[in-house]
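The values are calculated or read from the model by the stated rules, or taken from the named source; none is laboratory data. Note that the coordinates shown come from a computational prediction; the quantities given were computed from them, not determined experimentally. Note that each Cβ is placed from the backbone with ideal geometry, even for glycine, and that neighbours are counted across all protein chains shown.
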């Protein structure tokens, strides 16, 4: 069994042999490529433990457990990157089965082996699913998420694009067949269970400071390592920059005028003081009273 990136063999899973180091998932490149790191990386990609709709689809269609079988049958195709798995003698090409090129199974009618099921490979607690129009649909009260996206755009911060739909939000995919998302928890560049603001500044510089300050202003207390990361070139494996901000499900975790989230963000972002001031001044004019109040507190601290 081979791990592929598009049509390039990257890793022989059975023999634990690296076939293309540049295109290895970050976790495997940083921590050495073996069955342990491959399994950890696959676990981070697999979503049915968090995404409630993915869990439902998995249960009705594939049964409980049997993750190895599910990965084999679905080829572990995602709509966030260009990785997939196949047998060594399988002649199928990425273009024949990838959701970037082909319609995919959405949970209706019979599932056929080889179809893409990218909903099984997108995390987060809300019910969400990929649609054939290339958008991620999230269901529930997402009005605050739209406000967060609007604020980021007003501040000139790179962010996902989204719009309201009935019962939820539709989010434009930030990836393509040429550009992959690598979440921080898949990168091997930090401990997903033990990192702090300084880690983010060290990894992303000004982009990291923008994320920390905007999260502090919107009261987002859950910027875990699964909802920020890098964009990678799908042909070379090169890291081309920080990914657009995405996933604001926990905005307004805090509605206080000030708290540790806010004061720590200001402290660690002082090397980018002018940028912090610029963002806070814009956010202070927000229609959301909590955003406005917390932005004012940032300016008071400075």
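Among the residues of the stretch 245-279, which ones are farther than 30 Å from residue 27 by Cβ and part of a loop (DSSP other than H, G, I, E, B)? Scanning the stretch 245-279 gives 252, 254, 255, 256, 257, 258, 259. Here residue 182 meets the list (1) outside any loop (DSSP other than H, G, I, E, B); (2) farther than 17 Å from residue 40 by Cα almost entirely, failing just condition (2). Within the stretch 164-179, being in a loop (DSSP other than H, G, I, E, B) and under 15 Å from the mean Cα position of the chain (by Cα) holds for 173, 174, 175, 176.
The set of residues in the stretch 206-244 being farther than 21 Å from residue 122 by Cβ and either outside any helix (DSSP H, G or I) or at pLDDT below 95 (or both) consists of 219, 221, 233, 235, 236, 237, 238, 239, 240, 241.
Per-residue answers, yes or no, for (1) within 29 Å of residue 23 (Cα to Cα); (2) at pLDDT below 95; (3) within 26 Å of the chain's Cα centre (by Cα); (4) crowded, with 21+ Cβ neighbours inside 10 Å:
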{"residue": "250", "(1), (2), (3), (4)": "no, yes, yes, no"}
{"residue": "265", "(1), (2), (3), (4)": "no, no, yes, yes"}
{"residue": "273", "(1), (2), (3), (4)": "no, no, no, no"}
{"residue": "283", "(1), (2), (3), (4)": "no, no, yes, yes"}
{"residue": "291", "(1), (2), (3), (4)": "no, no, yes, yes"}
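Number of residues in the stretch 52-76 that are part of a loop (DSSP other than H, G, I, E, B), surrounded by 12 or more Cβ atoms within 10 Å (Cβ to Cβ) and at pLDDT below 80 equals 2.
Here residue 162 does not fit the description of being in contact with a strand residue (DSSP E or B) (Cβ under 8 Å, 6 or more places away or on another chain) and either within 24 Å of residue 30 (Cα to Cα) or modelled with pLDDT under 95 (or both). Filtered by the rule that a residue be under 17 Å from residue 204 (Cα atoms) and either more than 19 Å from the chain's Cα centre (by Cα) or not in a loop (DSSP other than H, G, I, E, B) (or both), the stretch 153-163 gives 156, 159. Number of residues in the stretch 90-144 that are modelled with pLDDT of 90 or more, assigned to a helix (DSSP H, G or I) and buried (at least 18 other Cβ atoms within 10 Å of the Cβ): the value is 3.
Taking the stated definitions as given, is residue 167 free of Cβ contacts under 8 Å to residues at least 40 places away in the same chain, in the same structural domain as residue 201 (by TED's automatic domain parsing), surrounded by fewer than 21 Cβ atoms within 10 Å (Cβ to Cβ) and at positive phi? Considered against the rule, which asks whether it is free of Cβ contacts under 8 Å to residues at least 40 places away in the same chain, in the same structural domain as residue 201 (by TED's automatic domain parsing), surrounded by fewer than 21 Cβ atoms within 10 Å (Cβ to Cβ) and at positive phi, residue 167 comes out as yes. I'm told residue 196 meets every condition in (1) surrounded by fewer than 17 Cβ atoms within 10 Å (Cβ to Cβ); (2) closer than 16 Å to residue 294 by Cβ; (3) more than 18 Å from the chain's Cα centre (by Cα) except one. Can you identify the failing condition by its number? Result: residue 196 fails condition (2) only.
Taking first residues from the stretch 287-302 that are closer than 19 Å to residue 144 by Cβ and partners that are modelled with pLDDT under 95 and in a helix (DSSP H, G or I), the Cβ contacts under 8 Å between residues at least 6 apart in sequence or on separate chains come to 288/144. Against the conditions (1) more than 22 Å from the chain's Cα centre (by Cα); (2) touching a residue at least 60 places away in the same chain (Cβ under 8 Å), residue 112 satisfies every one except (2). Within the stretch 1-27, the only residue that satisfies the criterion of being out of contact with any strand residue (DSSP E or B) (no Cβ under 7 Å at 6 or more places or on another chain) and part of a helix (DSSP H, G or I) is 27. Any chance the stretch 203-217 includes a residue that's within 18 Å of the chain's Cα centre (by Cα) and either free of Cβ contacts under 8 Å to residues at least 24 places away in the same chain or assigned by TED's automatic domain parsing to the domain that holds residue 30 (or both)? Checked the stretch 203-217: at least one residue is within 18 Å of the chain's Cα centre (by Cα) and either free of Cβ contacts under 8 Å to residues at least 24 places away in the same chain or assigned by TED's automatic domain parsing to the domain that holds residue 30 (or both).
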